[in-house]
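Presented below is the structure to which this report refers.
The values are calculated or read from the model by the stated rules, or taken from the named source; none is laboratory data. Not measured: the values here are computed from a predicted model. Reconstructed Cβ throughout: ideal geometry from the backbone, glycine too, with neighbour counts over all protein chains shown. When the accessible area is computed, the model is the full protein with side chains, heavy atoms only, and any ligands, DNA or RNA have been set aside. Shrake-Rupley method; radii C 1.70, N 1.55, O 1.52, S 1.80 Å.
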Amino acid sequence: MPVPTVLHPAHSPAGGLSGWFDLSWELFGELCRALAVRVAQDFQPELVIGLATAGVVPAATVATMLQCDFEAMKVTRREHGRVAHAYPRVLSPTPVSARGRRVLIVDEISTSGDTLRLALAAVREVGPAAVRTATSFVRPGGYRPDFHALETGSLIVFPWDQQVIEGGGLVPGAMYTPQA
């Protein structure tokens, strides 16, 4: 994948990340398809729970492909778009529709596994018949969900972060700044 030419220095690869991975919408769709196929081979969920914010995008796509129900649950370290806590917190009710059903929890990436483990514990409290976890990406040496589409040590620039709406128009996302 090409390296973005204009990057905010605060987001430069660090902490063991090996370069940049600009994820296109097309490749994102293919990764969702691969994830759905992997899940379908070993688990037949009745409900997919997407972890807000970014995890709902692959979760809704996978739920549609698997032809099952979809719910969202907010589990995050962020407040007002910024990292505010050292550990994630559950900030919305756990979907009670998980009770007695086969549930797949989906997030966009797994690194430490803190968010997935917290969501998993919260979902187990409502009594699902079975529960599994899945992510689009995993980090080498990081927490391994039950299913994932791709392992990478690169900093992933998701397609929904590449351009955002400001002042009624599309502008480069926060990871991109004008060249000096």
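Counting just the Cα atoms, what span does the chain cover along each of its three principal axes? Round to the nearest Å and put the largest first.
56, 37, 32
Tabulate in residue order the Karplus-calculated ³J(HN,Hα) for the range 109-115, using 6.51 cos²θ - 1.76 cosθ + 1.60 with θ = phi - 60°, rounded to whole Hz; enter x for Gly and Pro.
Working through the residues one at a time gives 8, 10, 10, 7, x, 4, 5 Hz.
Give the angle, between 0 and 90 degrees and rounded to the nearest 10, that separates the Cα long axis of helix 25-42 from the longest principal axis of the Cα atoms of the chain.
20
For Phe43, what residues show an amide H to amide H distance below 5 Å, using hydrogens built from the backbone and excluding near sequence neighbours?
Hits under the 5 Å cutoff: none.
Taking N as the number of residues in the range 99-180, what is its Cα Rg relative to 2.2 N^0.38 Å?
Against the empirical 2.2 N^0.38 Å value, I get 1.43 for the range 99-180.
Can you list residues whose amide H is under 5 Å from Val75's amide H, if they're 5+ apart or on another chain and H is modeled 1.01 Å from N?
It is Ala52, Leu91, by chain and number.
In square nanometres, what is one fourth of the surface area of the convex hull spanned by the alpha carbons of the range 38-121?
If I average the Cα hull's projected area over directions, I get 5.5 nm².
Please list, in chain and number order, the residues 5+ apart from Arg102 or on another chain whose amide H is under 5 Å from its amide H, with Hs placed from the backbone.
Excluding prolines and chain starts, which carry no amide H, the hits are Glu46, Leu47, Ala129, Ala130.
How much length would be gained if the chain were fully extended between Glu26 and Asp42, taking 0.36 nm per residue of separation minus their Cα-Cα distance, in nm to one decimal?
3.2 nm
With every protein chain left in place, what is the accessible area per residue of the chain in square angstrom, probe 1.4 Å?
On the way: 9490 Å² over 180 residues.
Per-residue value: 53 Å².
Of the peptides 90-97, 128-135, 76-83, how do they stack up when ordered by the mean number of other Cβ atoms within 10 Å, highest first?
Numbers: 90-97: 14.5, 128-135: 21.0, 76-83: 11.1.
Highest-to-lowest ranking by the protection proxy: 128-135, 90-97, 76-83.
Tell me the label-point distance for the pair Arg117, Ala129, using the 7 Å Cα-to-Cβ offset, in nm and rounded to one decimal.
2.9
Wrap a convex hull around the Cα atoms of the range 29-80, take a quarter of its surface area, and give that in square nanometres.
Working: hull surface 15.3 nm².
About 3.8 nm², averaged over all directions.
Set the Förster distance to 35 Å, then compute FRET efficiency between Gln163 and Gln67 from the Cβ-Cβ distance, nearest 0.05.
After rounding to 0.05, the efficiency reads 0.70.
Hey, if you put +1 on the Cβ of every Lys and Arg and -1 on every Asp and Glu Cβ in the range 115-166, which of Val131, Gly153, Thr115 ends up farthest toward the positive end of that dipole?
Val131
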